[in-house]
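Written below as structure tokens is the structure these notes are about.
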Amino acid sequence: MTRWGITLPLTGVPLPAHRELVERLPDLGYTDVWTAETAGTDAFTPLALASQWSSRLRLGTAVAPVFTRGPALLAMTASSLADCAPGRFALGIGASSPGVVRDWNGLEHTQPYARTRDTLRFLRSAFTGRPVNAQYPTFSVRGFRLERPPATPPPVLLAALRPGMLRLAAAEADGAITNWLAPHDVPKVRAEVGPETELVAPVFVCVTEDAREARRLGRMMISSYLTVPAYRAFQDWLGRTEPLAAMHRAWDAGERWRAVMAVPDEAVDELIVHGSPEECRARIRAYAEHGLDTPVIALLPSQGGDPVAQVEALAPGRD
């Protein structure tokens, strides 16, 4: 079954004001609510609220960084969410980026693959409720035991962009969360995780028939995100080295605005879904048709658009 998720909170909507929408999401055909964690809300508070507003939605983090919370704190936070939504919470973890970890939180961002792997292994142990005394390659834990272990341990998914992390997700986690790809890129990612591993991805959606406005917003996002080394390497692996080369040259030269303008329309149209609600729904379904298990709409603001009305218009039940 293909799931249909939405990323909350919506831009410009206060957290408490989401209650009525969350209560209606299952009847609209949505199966999941996921959160991001960059510089807006944290990944867990919106899900704690949503857990009390609806008992029919799966709730997931996409993603909680493994560097910005200590391993024990991450286990406690995840266990608390699992207690709020038994059997309905999925913990997505990832390495995040040097900007978030180092520049915003004053922490070292070293050995991201190993730190993510070690955190996954620690969480597996911690969720059992047994004491954890372990020396992992990137950190050590002595004498920690969850006082309230989850009755149903949450599945753990890994943020994964390239073969190494994707294969780790397939081998040791319960799924992979990828990002910034077009429908035709999905089979390449799917080949690394195999047919049985759940594959989740945010799908950036701008509901507007003003293509110029959608591309303007898309260029700004692409130049901000895809110049991060991990995302740049992912796009190279997917085959976008040449289309994004001018953007990278300008960015590396410190010419930020020129980098924005260098993003070609074709790249925006591949990576950002835009158009009428009907056109957007069809494009989201294309991700599923190419092998994505769980497309998660990440709604982008459009001029004059009502985000709640747009969530309703994008619902699979509209088809």
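The values are calculated or read from the model by the stated rules, or taken from the named source; none is laboratory data. Predicted model only: the values in this text are computed from it and were never measured. Don't worry about glycine lacking a Cβ; one is built from the backbone with ideal geometry, like all the others, and counts go over all protein chains shown. The protein model used for the area step is the full one, side chains on, heavy atoms only, and it has no ligands, DNA or RNA in it. Shrake-Rupley method; radii C 1.70, N 1.55, O 1.52, S 1.80 Å.
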222 nm mean residue ellipticity, helices alone, for the chain (DSSP H n ≥ 4; -39,500 (n - 2.57); rounded to 500):
-12000 deg cm²/dmol
Total charge dipole magnitude, segment 164-315, about the Cα centre, Cβ charges on Lys, Arg, Asp, Glu only, Debye to nearest 20
500 debye
So, over other residues within a Cβ distance under 11 Å of ALA267, counting Lys, Arg +1 and Asp, Glu -1, the net charge is -2
With the dipole of the chain worked out from charges on the C-beta (+1 for Lys and Arg, -1 for Asp and Glu) around the Cα centre, which of GLY40, ALA90, ALA214 lies farthest toward the positive end?
ALA90
Please compute the contact order of segment 29-143 in relative form: average sequence separation of alpha-carbon pairs under 8 Å and at least six residues apart, divided by the residue count, as a percent.
21 percent
Between ALA309 and THR2, what is 0.36 nm times their sequence separation minus the Cα-Cα distance? Round to one decimal in nm.
108.2 nm
Label ARG24 and SER224 with points 7 Å out from Cα along Cα→Cβ: what is the distance between them in nm?
2.8 nm
Report, in whole Å, the centroid distance computed from the Cα atoms of segment 20-50 and segment 255-289.
23 Å
How much length is gained on full extension from ALA39 to MET261, taking 0.36 nm per residue of separation minus their Cα-Cα distance?
77.5 nm
Which whole-Hz ³J(HN,Hα) couplings does segment 2-16 yield from phi under the Karplus relation 6.51 cos²θ - 1.76 cosθ + 1.60, θ = phi - 60°, glycine and proline marked x?
7, 8, 9, x, 9, 8, 10, x, 7, 4, x, 10, x, 3, x
Using 7 Å Cα-to-Cβ label points, what is the ASP210/GLU108 separation (nm, one decimal)?
4.8 nm
Contour minus end-to-end for THR128 and ARG142, with contour as 0.36 nm per residue of separation and end-to-end as the Cα-Cα distance?
3.5 nm
Counting as exposed only GluC sites (Glu not before Pro) in DSSP loop states with no more than 15 other Cβ atoms inside 10 Å, the longest exposed-site-free span of the chain is 1-107
Calculated Cα Rg over 2.2 N^0.38 Å (choose from [x] 1.06; [y] 0.98; [z] 1.16), label
[y]
How many percent of the accessible area of segment 1-152 is carbon or sulfur, using a 1.4 Å probe?
50 percent
Would you work out which of PHE204, ALA171, PRO229 lies farthest towards the positive end of the dipole of the chain? Charges go on Cβ: Lys and Arg +1, Asp and Glu -1.
ALA171
For GLY94, the residues 5 or more places away or on another chain with a placed amide H closer than 5 Å to its own amide H are ALA64, VAL66, ALA159
Just the number please: accessible area per residue for the chain, 1.4 Å probe, all protein chains included, in Å².
44 Å²
5 angstrom amide H check on THR208, placed H, neighbours 5+ away
GLY275
Note down the magnitude of the dipole of the chain about its Cα centre, charges +1 on Lys and Arg C-beta and -1 on Asp and Glu C-beta and zero elsewhere, to the nearest 20 debye.
1000 debye
Dipole of segment 122-192, positive end: most advanced residue of LEU161, LEU146, PRO187 [Cβ charges, Cα centre]
LEU146
